[in-house]
Amino acid sequence: MGATERWEVAPDAGRPQGRTCSHLALLEQSGAPGAAPSTGCRECAPHGAPPVRLRQCVTCGYVGCCDSSPGRHSYGHHARSGHPVAVSLAPDEDWAWCFQDEVFLVRARPDAADPPAGGARY
């Protein structure tokens, strides 16, 4: 993800179409997320809990586990910090989530006829 890469709101069957995200510029300017840390979630690792679908905050780089994990640390970080967007670090996922606007974000398609770039699941 570089400064020249564009992102867009992804279709989401569970939510109304036409939603927007007011944080796309933050995501586009953040640069590429780092590789998933070998220690996993910063809050689960000290307790020996296995990593569950890691997410990285685009504002500060915090890495936490996803909402499907018992800790929900990525969401907890958002709730404490107000940082709105996290990028999935899972190797089979290529999307971000805006907590504040409640939308999935995927890399913008160069050709509108192409399928969304969200990976296997988004």
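Worth pointing out:
- Of residues in the stretch 64-122 being surrounded by 11 or more Cβ atoms within 10 Å (Cβ to Cβ) and among the polar types (S, T, N, Q), the one modelled with the highest pLDDT: 81
- Enumeration of residues in the stretch 6-63 that are in a loop (DSSP other than H, G, I, E, B), at pLDDT 80 or above and open to solvent by less than 60 Å² (accessible area, probe 1.4 Å): 10, 21, 23, 41, 44, 58, 61, 62
The values are calculated or read from the model by the stated rules, or taken from the named source; none is laboratory data. If you're wondering where the values come from, they're calculated on a predicted model, not measured in any experiment. Don't worry about glycine lacking a Cβ; one is built from the backbone with ideal geometry, like all the others, and counts go over all protein chains shown. We work out accessible area using only protein heavy atoms, side chains counted, and drop any ligands, DNA or RNA first. Shrake-Rupley method; radii C 1.70, N 1.55, O 1.52, S 1.80 Å.
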